[in-house]
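Read through the structure below, which is laid out as structure tokens, and then see the notes.
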Amino acid sequence: MFIFISLGFIFLSSTFIDRKSNVIEKSESIGIRRLFNFKVNLFLIASFFMIMSHAVLYTFFSLWLKKVGYSNMEIGLVWSIGVIAEIIFFINQKKILSRFRNLTYVWFSCFIFAVVRFLIIFFSDGLLILLIFAQLLHAITFGLHHVTSIMLVTNLFPDSAKAIGQSSYTVASYGIGGSLGGVFSGLIWEEFFPESIYIFASLVAFLGAVVAWLLIRKYKVECD
């Protein structure tokens, strides 16, 4: 419901824009109707869970590293590993993606890697080698997931409504998912012990995996 509410704001705001042609009106109508498609809803919910899990990392990873004894310089270096891995993936994404016949399952695997990534951090006890490995997985859990998600948007929305499709994806995942992930992880950090936020992140990513699996198995959505 919260996804529909936020997406409703997008629709309401768009009504105040001067429509210069019937083509634009038709495109908007198609895009809005598409938001009520069950396959699209499943995709948006899965995306919401994925970015919600990552919001834990974006919000509290530096604080947690500080808590387990890392200096500011060391924290920056740990973050840079994930950034470098992500950049390397984006540079080579065409070559990497060409190796797979069906990218839908690649998209689904990103959720599994996210579960593994957060569990590694939880059990790492701050051990650097494990944190390095977890950060290298950022290329998959963020970079690969984002690219394949955009491909799914392309599949789920017609050409005339792709802008609405990408906007709805951004709102559901980075907007709502990112915001709520930060809020809930903060509450968990204060209520329990700091490492418990990574259990929360892995559980949320797992929920995303369940929804993603339902989408690609029951409805045969493709992004290749």
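Counting other beta carbons within 10 Å of each residue's own, what order do LEU203, LEU152 fall into, fewest first?
LEU203, LEU152
Length gain on complete extension for the stretch GLU74 to PHE192, per 0.36 nm per residue less the alpha carbon to alpha carbon distance?
Stretched out fully, the GLU74 to PHE192 stretch lengthens by 39.9 nm.
How would ARG217, ARG101 line up from fewest to most surrounding beta-carbon atoms within 10 angstrom?
Fewest-to-most Cβ neighbours within 10 Å comes out as ARG101, ARG217.
For segment 102-135 and segment 157-224, what is the centre-to-centre distance using only Cα atoms, to the nearest Å?
The two parts, judged by their Cα centres, are 15 Å apart.
Based only on other Cβ atoms within 10 Å, what is the fewest-to-most ordering of ILE129, ILE120, ILE84?
So the ranking, lowest neighbour count to highest, is ILE129, ILE84, ILE120.
Any read-out appearing in this document is the output of simple, stated calculations on the displayed coordinates, not a laboratory observation. Every value quoted in this text rests on a predicted model; they were computed, and no experiment measured them. Positions of Cβ are generated from backbone atoms using ideal geometry, with glycine treated the same way; all protein chains shown enter the neighbour counts.
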